[in-house]
1. Go through region 397-425 and count every residue that is more than 15 Å from residue 460 (Cα to Cα) and touching an Asp or Glu at 6+ places or on another chain (Cβ under 9 Å).
2. Would a scan of region 71-91 turn up a residue that is within 19 Å of residue 151 (Cα to Cα) and part of a helix (DSSP H, G or I)?
3. Quick check on this structure: which one of 126, 152, 157 is assigned by TED's automatic domain parsing to the domain that holds residue 13 and part of a strand (DSSP E or B)?
4. Might you check whether a residue that is touching a Ser or Thr at 6+ places or on another chain (Cβ under 7 Å), under 20 Å from residue 135 (Cβ atoms) and touching a residue at least 40 places away in the same chain (Cβ under 8 Å) occurs anywhere in region 45-61?
5. State all residues of region 332-363 that are among the basic types (Lys, Arg) and assigned to a helix (DSSP H, G or I); if no residue qualifies, say none.
6. Of the residues 374, 351, which single one is surrounded by 13 or more Cβ atoms within 10 Å (Cβ to Cβ), under 22 Å from residue 432 (Cα atoms) and within 38 Å of the chain's Cα centre (by Cα)?
7. Could you check, for region 84-94, whether at least one of its residues is of a type in the set (Lys, Arg) and either closer than 23 Å to residue 173 by Cα or in contact with a helix residue (DSSP H, G or I) (Cβ under 6 Å, 6 or more places away or on another chain) (or both)?
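The values are calculated or read from the model by the stated rules, or taken from the named source; none is laboratory data. Computed from a prediction, not measured in an experiment: that's the story for all the values here. Glycine gets a Cβ as well: all are built from the backbone with ideal geometry, and neighbour counts include every protein chain shown.
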Amino acid sequence: MTRRSTVFIGILLAYALGVGVLMYRLLSDIDPRYRESAEESLVETAHLLAAQVEQSSAEGRLDAEQLRPVFRKLYSRSFSAQIFGFEKTDVEMQALVIARDGTVVFDSIGQREGEDYSQWRDVRAALAGEYRARTTPKIPGDELSSVMYVSAPVRDAAGAIVGVVSVGKPVQSLNQFVAAARRKTLVVGATSVAAVLVLALILSLWLVRPFGLIADYARYVRSQRSFSLPRLGRRALGTLGAAYDEMRDALAGRHYVADYVQTLTHELKSPLSAIRGAAELMQEPGMPEADSQRFAANIRRETQRIQELVDRMMELAALEQQRRLPKVEPLSLRPLLEELVASAEASGAARGLRVELAPGETAWVEGEAFLLRRALGNLMANALEFSPEGAAIRVSLDVKPRSVEVSVRDRGPGIPDYADARVFEKFYSLARPATGKKSTGLGLAFVKEIAELHHGRVALRNADGGGALATLSLPRIAAPSG
């Protein structure tokens, strides 16, 4: 993965992580906020009932019997209340009146009367004139049966606490609202992330390159002589891929340029140092003519090296910015390979190298002939440079149901283990066996870019029996009719 892709994906991941942290905080905060809201309402209800009990109690004696018919009538009421999409049809609140000694003297649902509640913390706190709340499961171990309780003291005429009113509400009645709020929050978060991605795509389509990608795709569709859904689908995916790349480059372009400048500067240091050293030596008085000619040759050689490096760099940079093929046409690979093999064999004749094309059928691909010729020519030139004198280089065309593989096999020293993962890096090069010199290190990077533009891939590995095997794989298409 390139640094541009890494930076771009890092930006998206940072945004997604930020949204994820925010969603986590919001989701974890929903349940406590709902419980706090319910607790506040229960406190008011508890004090309301405590005031009612105080009105009917006298001489320090609790009298909660007037509450019994009220709750009986309350529980029998029939109603329908729509609350944020949920229908409420019955009353779930429970009220208890507890004497000074902790004994339950009234239970609105008639289940706890006579029980000792003196150890419950809300009751104990209310009897002491303090406030506490508690949540306790009705069924031990079953959190879904939990009930939230708050208590309020009941006072006599002198202000002494003679009992407690405890009001409870099932937590399950709150959970449906909590679950709904969490779902809505998740939808908002997911929508936010999707909206940012869509916005980034729109920016890449309409701002980075206005109408260009869509117009190119429309021209491509019009140029097709026959309708092929897989081919049009691949082209559409390529258009989206180009949008992604342009959006990525727009966000990470500064890092991309900095990386290029840093690498190019490093590569230029060596030839520039050689040129400067030779120029300084040539200025010394009394230098022999032979030495002067040798240093002049060094300057020419290093200047040519810089020129080649800059030219290749500009070609590669232009190719990387291209993102899609401007001219696409069906191509038959075997005639193209026959032409390249003949040219490569002429180049290797001085060293006795043979370049052979394995027999077989042809296959059709979709692409640009000039770029494919450059890519395959680079692979063959690479094989020539690493082959010993008198060796044979074998080129083969392997036709598969959905792809085509062009392989170039040499008999050179192969790829060292330390270089196996770096052969396609820009400016990385191995010394040629015949001369001990390195190339610009851009040839294989150039091939990789061309392969990706054609929706293919390139690989280079050690072959069985020695040497290296380079393979260019491309999507196969049907032979054009007519």
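1. The initial filter retains those residues of region 397-425 that are more than 15 Å from residue 460 (Cα to Cα), namely 397-404.
Add one more test, that the residue is touching an Asp or Glu at 6+ places or on another chain (Cβ under 9 Å), and what stays is 397-399, 404.
The qualifying residues number 4.
2. Yes, region 71-91 contains at least one residue that is within 19 Å of residue 151 (Cα to Cα) and part of a helix (DSSP H, G or I).
3. Working: 126 fails: part of a strand (DSSP E or B); 157 fails: part of a strand (DSSP E or B).
Only one candidate passes the filter, namely 152.
4. We begin by selecting, within region 45-61, every residue touching a Ser or Thr at 6+ places or on another chain (Cβ under 7 Å); these are 46.
Right, trim to under 20 Å from residue 135 (Cβ atoms) and you get 46.
Imposing the further condition that a residue be touching a residue at least 40 places away in the same chain (Cβ under 8 Å) reduces the set to 46.
Checked against the condition, which is being touching a Ser or Thr at 6+ places or on another chain (Cβ under 7 Å), under 20 Å from residue 135 (Cβ atoms) and touching a residue at least 40 places away in the same chain (Cβ under 8 Å), region 45-61 yields at least one hit.
5. So in region 332-363, the residues among the basic types (Lys, Arg) come out as 334, 351, 354.
Within region 332-363, 334, 351 meet the criteria.
6. Details: 351 fails: within 38 Å of the chain's Cα centre (by Cα).
Unique residue meeting the criteria: 374.
7. Filtering region 84-94 down to residues of a type in the set (Lys, Arg) leaves 88.
Keeping just the survivors that are either closer than 23 Å to residue 173 by Cα or in contact with a helix residue (DSSP H, G or I) (Cβ under 6 Å, 6 or more places away or on another chain) (or both) gives 88.
Yes: region 84-94 contains one or more residues that are of a type in the set (Lys, Arg) and either closer than 23 Å to residue 173 by Cα or in contact with a helix residue (DSSP H, G or I) (Cβ under 6 Å, 6 or more places away or on another chain) (or both).
Let's see how each residue does on (1) closer than 26 Å to residue 331 by Cα; (2) over 39 Å from the mean Cα position of the chain (by Cα); (3) in contact (Cβ under 8 Å) with a residue 24 or more places away in the chain; (4) not assigned by TED's automatic domain parsing to the domain that holds residue 351:
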residue	(1), (2), (3), (4)
388	no, yes, yes, no
392	no, yes, yes, no
400	yes, no, yes, no
420	no, no, yes, no
428	no, no, no, no
432	no, yes, yes, no
442	yes, no, yes, no
454	yes, no, yes, no
470	yes, no, yes, no
